[in-house]
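Here, each number is a calculation from the coordinates, and none is a lab measurement. A quick note: this is a predicted structure, and the numbers were derived from the prediction, not measured. Don't worry about glycine lacking a Cβ; one is built from the backbone with ideal geometry, like all the others, and counts go over all protein chains shown.
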Amino acid sequence: MMIELRPIESADTPFLREMLYEAVYWRSIAEGTNPPFDEALPPSPGIGKAVEQLGDWEGDAGVIALVDSARAGAAWYRFWADDNYIRGHISEGIPTLVLAVHGDFRRQGIGRKMLDRLIKHAAQQEIERMSLMVSKDNHALHLYRACGFEIHADDGDSLLMLREI
């Protein structure tokens, strides 16, 4: 298996929507209680804005993971305003990370490769911190902790995490 990472492109928007769906509805997908992603059914406005014009806003950064040339995952961060943000937002100076790996490719090191790449990119951009939101029972929590994210706040069933760069 060959894993390759490349920057996001505007043509990736449908795939980014699919990965966002995987990230948000991971539990119900795993349980078989959520229907498979259908591009014809747009995500809710609050969720959908996470991929709107991704790459066009100042500070946006993201990668697509390819396994043997097939898209397997995506990770990106973007800066949000205090009056316009997604879950995981702490403040305007801290970008919020979104990471998802397609169910067929999980637990193969793809998430870690994407996360490592974005952390290095953030360091090159002199970004000091990065945040994310993760469910307490999501297996990705172990990855985030291993990559230096620490709990910033407990939101009941989810954790707001922060990483110093």
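Listed here are the residues, each with its yes/no results for (1) closer than 15 Å to R78 by Cβ; (2) of a type in the set (D, E, K, R); (3) surrounded by 16 or more Cβ atoms within 10 Å (Cβ to Cβ).
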position	(1), (2), (3)
P95	yes, no, yes
H102	no, no, yes
Q108	no, no, yes
K120	no, yes, no
M130	yes, no, yes
M133	yes, no, yes
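Given the options R71, R112, name the one that is in contact with a Phe, Trp or Tyr (Cβ under 6 Å, 6 or more places away or on another chain) and without any contact (Cβ under 8 Å) to a residue 60 or more places away in the chain. Before the answer, list the steps.
Working: R112 fails: in contact with a Phe, Trp or Tyr (Cβ under 6 Å, 6 or more places away or on another chain).
R71 is the lone residue from the list that is in contact with a Phe, Trp or Tyr (Cβ under 6 Å, 6 or more places away or on another chain) and without any contact (Cβ under 8 Å) to a residue 60 or more places away in the chain.
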Query - Selection status of N138, out of contact with any strand residue (DSSP E or B) (no Cβ under 9 Å at 6 or more places or on another chain) and either surrounded by fewer than 21 Cβ atoms within 10 Å (Cβ to Cβ) or within 17 Å of F15 (Cα to Cα) (or both) - result: no
Query raised in the report: Are any residues in the stretch 86-107 closer than 21 Å to S135 by Cβ and out of contact with any Lys or Arg (no Cβ under 9 Å at 6 or more places or on another chain), and if so, which ones?
Result: R87, G88, H89, L99, A100, G103, D104, F105, R106, R107
